[in-house]
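Here's the structure, in C-alpha cells; my notes come after.
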Amino acid sequence: MKIIDLRSDTVTQPTPAMREAMAKAPLGDDVYGEDPTINQLQEMAAAMLGKEAGLFIPSGTMGNLAAVLAHCGRGDEVIMGDQAHTFRYEAGGIAALGGVHPHTLPNQPDGTLLMENIEAAIRPDDAHHPITRLIALENTHNRCGGAALSADYTQKVGELAHTRGLILHLDGARIFNAAAALGVDAAKLIAPVDSVTFCLSKGLCAPVGSVLCGSHDFIRRAHRIRKQLGGGMRQAGILAAAGIVALQEVVPRLKEDHLRAAKLAQGLAALPGLSVDATQPPSNMVYLSLADTIPVDATEIVARLQEQHVLAGKTGKRRFRLVTHYWVDDQAVQTAVGAFAEVLKVYS
Ligand code: TLP
C-alpha cells in the first residue's frame, strides 16, 4: 500500500529525470572549484535569483549559518522573528559557533516583523550593547502557516536595513514557493536582500542541498566558512545535477502543490473535530488543530492515521502540519481526507 507522507516536503524523493541526470553528471573536485555540474548549478541559481554568485551548500541550516557567520563577527546581533527557523530549529548554531546574539521580535501571523519593532530593536552606538549587524527574514514562513512575504514588505525592510547600515539576509528555504504564491518573479521578490539561502531538497525534490546567493565578495567569504564548517564536498556534482533539474522542471510546477494544499484544507475543514487555520492556505502547508470535542491528542491521531498509511506532522499537543509536494497527487489528497474522517468518526 502506498504511503502518503504529508509530514514535510523534505521527504520528497528525486524525480525520475533527476535520477537520470545524476547518473550522467560530469564531475570534478569541487574543493578545487572543478566540478562542472556544481558550477553550472551555482550560476543558474544566482541568475534565477538576480544575485552575482551562488554557493552549493549541504543543507539549509548550513546555508543560514554560513551567511550569518560571513556577515557578522562575535558579539554582533541579528534581528529575527521569534518563530524563525534559524532561531528555533538550527540548534542555536549562530550563537554556538559564531558568538552571534539573536534579538528576536514577535512574528506576526503573516510571517512579518512589524517595522516599528525592527526600528526600535536597532541598537544605539553604546558600549553596553551588542552591535546590530543583520536583519533576517524567512519566506515562505514555515511556522507562520507557510505565509509568503510580499515584495513590497521585503522592499520596506531592505530600505530600513540599508539606510541604517545593516545587512538583510533571507532564509528563503522555500523562496520559489513564495514567488509562485505571489505570482512574482523570484529575483524581483528578493531584490532588496543582500543574501539568500534556498533549499533544493524540500518541495524541489532534490535529495540533498541548498544554494546560498549574494555578491561575489560575500560568496567568497561564505566559501571559506563552508570549508571551516566541514561543508566542502568533492564530486558533489552528482547531487547538483538533481538541483539543476529541480530548477528547470520542478520550480515551474509548484503552484500545483498550493492548489492541492487548498483542496486538502477544504476537505479537512468539512470534517467535525478539526479546526483548519485557513481554507486557502498561502502556499503548500496546511496547519490544523483538534477541536475540544476530540478526547485524545495529536500523538494518538498521528498513530491512527499511520495505520491508514497517512503520515501527518505533529506541531503541538493538539496541532498538526500537513505539507503538499510533488509526490502528493489529487488521489492522495482525497485519501488523506478520507483517512482523517475514518480516524475521527470513532469520537463523534
Ligand atoms: N524545515 C524542516 C524542519 O526542520 C522543521 C521542515 O520540515 O519544514 N529554513 C526553513 C524555513 C526550513 O523550513 C528548514 C527545514 C530549514 C531552513 C533547514 O533546512 P535543512 O533541513 O536543509 O537544514
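Points to keep in mind about this one:
- Largest mean-square fluctuation among Ala45, Ala206, Ala21, in a Gaussian network model of the chain whose springs join Cα atoms under 10 Å apart, belongs to Ala21.
- A Gaussian network model of the chain, with springs between Cα atoms under 10 Å, assigns the largest mean-square fluctuation among Pro252, Pro16, Pro281 to Pro16.
- Shape call, the stretch 97-229: gyration tensor on alpha carbons, a/c limit 1.5: oblate
- The chain - share of DSSP beta bridges that are antiparallel (%, nearest 5): 55 percent
- Dipole in debye (nearest 20) - the stretch 10-251, about Cα centre, beta carbon charges: Lys, Arg +1; Asp, Glu -1: 480 debye
- The stretch 86-161: chymotrypsin sites (Phe, Trp or Tyr not before Pro) in DSSP coil with no more than 14 other Cβ atoms inside 10 Å: Tyr89
- Of all DSSP-defined beta bridges confined to the stretch 89-224, some 45% are antiparallel rather than parallel.
- Rounded to two decimals, the Cα-based Rg/Rh of the stretch 88-136, with Kirkwood Rh, is 0.99.
- The HN-Hα couplings worked out from phi for the stretch 260-265 by the Karplus form 6.51 cos²θ - 1.76 cosθ + 1.60 (θ = phi - 60°) are 5, 4, 5, 4, 5, 4 Hz, whole numbers, x standing for Gly and Pro.
- Rg in Å to one decimal, and Dmax rounded to a whole Å, for the chain via C-alpha atoms: 20.6, 63
- Cross-link partners for Lys156 among the lysines, with Cα-Cα distance under 18 Å and sequence neighbours closer than 8 places in the same chain left out: Lys188.
- Cα-based shape type of the stretch 157-214, given that a ≥ b ≥ c are square roots of the gyration tensor eigenvalues and the cut on a/c is 1.5: oblate
- When each of Lys51/Lys227; Lys202/Lys263; Lys2/Lys202; Lys202/Lys255; Lys317/Lys345 is checked by Cα-Cα distance, pairs over 26 Å: none
- Under the convention that each Lys and Arg Cβ holds +1 and each Asp and Glu Cβ holds -1, the size of the dipole of the stretch 205-313 around its Cα centre is about 860 debye.
- Rough spin-label spacing in nm, given labels placed 7 Å along Cα→Cβ, for Tyr89 and Arg234: 3.2 nm
- Residue among Thr15, Thr163, Thr140 with the largest mean-square fluctuation in a Gaussian network model of the chain, springs linking Cα atoms under 10 Å: Thr163
- Dipole of the chain, positive end: most advanced residue of Ile301, Ala91, Gly209 [Cβ charges, Cα centre]: Ile301
Laboratory data are not the source of any read-out in this text; all were calculated from the coordinates shown. Just so it is clear, the structure is predicted and the values come from calculations on it, not from any experiment. In this analysis, Cβ positions are derived from the backbone assuming ideal geometry, glycine residues included, and neighbour counts consider all displayed protein chains.
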